[in-house]
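Accompanying notes for the structure given below.
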Amino acid sequence: AHRLTIDALKTGLARPDPPGDDPRLAVTLKRSGLVLPNPIGLAAGFDKNAEVIAPMLAFGFGFVECGTVTPRPQAGNPRPRLFRLTEDRAVINRMGFNNEGLGLYIRRLAAARGLGVIGANVGANKDSGDRIADYVAGVKATWPHCSYLTINISSPNTPGLRGLQDRGALEHLLGRVGEAA
């Protein structure tokens, strides 16, 4: 269903026609000065490969975040990796950063620049020997083409990744990423 939706959006089968943004809904992020036309955004995960930025912005989202993207393409976790919990009306997602890699992502992100507020969500490859270097590569590649960045270190589906949340590891990661930006 997800792939069919992306393909339908790419071909123009779904034609958004939202009302214009009400200026009262605009939000200015204090530290960065970034202005969102409204506070409702599309989170990373839907458009992992930055394929449908323009249509999603046209649906009226105040911002669209694409990714998570890793330096090299990766298939993600073996299937099945999405589980429906019907009684709980919930879904368990164990995708594992499946994406086409930075190359196509950057070209698509660059082509959409100026259409609206676009976020880039970067991650590390599962088999990386230096995950921090993966984040640095993602930041360097995406920074010129997006409105903001998200550094995704919360995936429980990438073994050892959440170790970057430990204070020392996080300080090292943020220091290296800060130098790259």
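The values are calculated or read from the model by the stated rules, or taken from the named source; none is laboratory data. All values derive from a computational prediction rather than experimental measurement. Don't worry about glycine lacking a Cβ; one is built from the backbone with ideal geometry, like all the others, and counts go over all protein chains shown. Accessible surface is based on the protein model in full, side chains and every heavy atom, while ligands, DNA and RNA are left aside. Shrake-Rupley method; radii C 1.70, N 1.55, O 1.52, S 1.80 Å.
Tabulated data for the structure shown
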{"item": "Conditions (1) on the phi > 0 side of the Ramachandran plot; (2) touching a helix residue (DSSP H, G or I) at 6+ places or on another chain (Cβ under 7 Å): number failed by Asn49", "result": "(1)"}
{"item": "In the stretch 131-165, residue least open to solvent (accessible area, probe 1.4 Å) [restricted to those that are in a loop (DSSP other than H, G, I, E, B), of a type outside the set (A, V, I, L, M, F, W, C) and modelled with pLDDT of 95 or more]", "result": "Asn152"}
{"item": "Selection from the stretch 117-130 of residues that are among the aliphatic types (A, V, I, L, M) and not in a loop (DSSP other than H, G, I, E, B)", "result": "Ile118, Ala120, Val122"}
{"item": "Subset of the stretch 166-181 that is open to solvent by less than 30 Å² (accessible area, probe 1.4 Å) and of a type outside the set (Val, Ile, Thr) - its residue that is nearest to Gly76 (Cα to Cα)", "result": "Leu173"}
{"item": "Listing of strands (runs of 3 or more DSSP E) fully contained in the stretch 61-116 that carry 2 or more residues being under 14 Å from the mean Cα position of the chain (by Cα)", "result": "63-69"}
{"item": "Hey, Glu171 acidic (Asp, Glu) and either assigned to a strand (DSSP E or B) or modelled with pLDDT under 95 (or both) or not", "result": "no"}
{"item": "Residue that is modelled with the lowest pLDDT, among those in the stretch 20-41 that are within 12 Å of Leu57 (Cα to Cα) and open to solvent by 60 Å² or more (accessible area, probe 1.4 Å)", "result": "Gly20"}
{"item": "Flag for Ala44 being open to solvent by 40 Å² or more (accessible area, probe 1.4 Å) and either closer than 30 Å to Gly129 by Cβ or outside any strand (DSSP E or B) (or both)", "result": "no"}
{"item": "Selected residue (only one of Gly60, Gly33 is without any contact (Cβ under 8 Å) to a residue 12 or more places away in the chain and out of contact with any strand residue (DSSP E or B) (no Cβ under 8 Å at 6 or more places or on another chain))", "result": "Gly33"}
{"item": "Residue list for the stretch 86-130, restricted to those being open to solvent by less than 20 Å² (accessible area, probe 1.4 Å) and without any contact (Cβ under 8 Å) to a residue 12 or more places away in the chain", "result": "none"}
